[in-house]
Amino acid sequence: MTEGLRVEVDGPIAILTLDRPEALNALTVPVKVALRESLESIAEDRAIRAVILTGAGRAFCAGQDLAERERPDAAPLEVEVRERYNPIIRALRSMGQPVIAAVNGVAAGAGASLALACDLRIAAEGARFMLAFGRIGLVPDSGASWFLPRLLGTAKAAELALLDDPVNAADALRLGLVSKVVPADELMTEARAMAQRLADGAPLAIALTKQALERSLSIDLDEALDGEAKLQGIAGASADHAEGLAAFREKRPPRFEGL
Ligand code: LHQ
């Protein structure tokens with residue numbers, strides 16, 4: 001447990017809470033290291049089947065801690081991005097378990113990137129997304145320039161990245177940036193319910209589905225069809241597939257073991 005990141009495990013669900021509410025959960029080096037290590041350790045833990053990433057207090061995450069950047073020992077920006085941010089984004093994208101961003105408040109800069117890198121997003125009514133990079137003379141990082149055009153199309157991505165307009169929760173829902181908007185006091189209940197649905201699913205199939213969706217973005221249809229066939233071969237050989245068929249036959253809910 002590190003200052004600035006709270007990790008809770010509740011059965012098959014891990015909840016990671018960015019926890020520096022006094023600075024709107026801005027990201028410091030220790031928090032980034034802890035987040036990366038937690039994600040990498042969850043990725044190896046077969047007992048955890050879904051992850052929720054959220055923020056303490058009124059913000060999801062205000063991005064890089066700007067006060068930390070003023071310190072004389074702060075790493076050069078390129079190094080910071082390569083060594084501290086990129087591994088977090090890679091961990092989120094490569095882990096087998098699905099990750100839900102429960103966006104409880106403002107998600108700015110790299111905080112927005114974190115939410116975009118999650119597999120699913122739900123937002124509280126008061127949440128908003130803002131890239132914020134341009135306002136301090138920086139470019140979108142931590143995957144923001146890659147996720148935005150894919151999630152929203154290039155026109156909307158340009159609008160967000162170049163004009164830095166905040167996107168409120170209602171607009172985020174309309175744009176498809178979030179799956180659901182709920183009252184703030186229902187956010188974690190909704191996130192947990194979504195996580196539980198994912199945790200009840202077949203872990204191997206979910207991990208392979210994540211892989212297929214990720215890969216689809218850089219391949220043509222022919223390669224995708226080929227890839228799907230291979231992945232189906234793997235999923236089809238799993239005990240969970242047999243359990244799914246048995247459950248269907250016996251008209252009962254399946255009990256997937258991740259095997
Ligand atoms: C903060 C922060 C913050 C420290 C609020 N840091 N304290 C950058 C560089 C290096 C490597 C690679 O990547 C990046 C990527 C990035 O993330 S760039 C983008 C960095 N983030 C921002 O530019 C956002 C800065 N924050 C804001 O614009 C506002 O705080 C927002 C719009 C998020 C919220 O506004 P308000 O609701 O009005 O809150 P506030 O501004 O009053 O903030 C509350 C406190 O949180 C305040 O502290 P104080 O002691 O005065 O109460 C802020 O200083 C602190 N805080 N963001 N990023």
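Summary of values
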read-out	value
Ellipsoid semi-axes in whole angstrom, largest first, where each is sqrt(5λ) of the Cα gyration tensor of the stretch 72-167	20, 18, 13
Per-residue [θ]222 nm for the chain (sum of -39500 (n - 2.57) over DSSP H runs n ≥ 4, rounded to 500)	-14000 deg cm²/dmol
Listed peptides 163-170, 105-112 by packing density, highest first (mean Cβ within 10 Å)	105-112, 163-170
Inter-label distance for Glu125 and Arg197, nm, one decimal - labels placed 7 Å from Cα along Cα-to-Cβ	2.2 nm
Accessible area (Å², per residue) of the stretch 5-199, counting only protein heavy atoms and a probe of 1.4 Å	44 Å²
Electrostatic dipole magnitude of the chain [Cβ: Lys, Arg +1; Asp, Glu -1; Cα centre; debye, to 20]	420 debye
Protection-proxy order for peptides 221-234, 82-95, 46-59, each taking the mean of Cβ atoms within 10 Å per residue, highest first	46-59, 82-95, 221-234
FRET efficiency estimate (nearest 0.05) - Cβ-Cβ, Ser94 to Glu243, R0 25 angstrom	0.45
Rounded to the nearest 10 Å², the accessible area of Phe129 at probe 1.4 Å	10 Å²
Virtual spin-label span in nm between Lys180 and Ala155, 7 Å along Cα→Cβ	3.1 nm
Helix 154-163 axis, angle to the chain major axis (alpha carbon atoms, nearest 10°)	30 degrees
Diffusion constant of the stretch 5-199 at 37 °C, which comes from Stokes-Einstein with the Kirkwood Cα-pair radius and 0.692 mPa s, µm²/s	199 µm²/s
In Å², nearest 10: area of Thr189 left accessible to a 1.4 Å probe	100 Å²
Under 10 Å, Cβ to Cβ, from Gly201 - net charge with Lys/Arg +1 and Asp/Glu -1	0
The stretch 51-119 shape via C-alpha gyration tensor axes, a/c threshold 1.5	oblate
Under 18 Å from the Ala229 label point (7 Å along Cα→beta-carbon), backbone N, the stretch 192-216	212, 216
Solvent exposure ordering (accessible area, 1.4 Å, most first) of Lys251, Lys156, Lys32	Lys251, Lys156, Lys32
FRET efficiency, Ser41 to Glu214 (Cβ-Cβ, R0 22 Å, nearest 0.05)	0.55
Net charge dipole size for the stretch 117-259 [Lys, Arg +1 and Asp, Glu -1 on Cβ; Debye, nearest 20]	280 debye
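The values are calculated or read from the model by the stated rules, or taken from the named source; none is laboratory data. Not measured: the values here are computed from a predicted model. Cβ coordinates were reconstructed from backbone atoms using ideal geometry, including for glycine residues, and neighbour counts include every protein chain displayed. When the accessible area is computed, the model is the full protein with side chains, heavy atoms only, and any ligands, DNA or RNA have been set aside. Shrake-Rupley method; radii C 1.70, N 1.55, O 1.52, S 1.80 Å.
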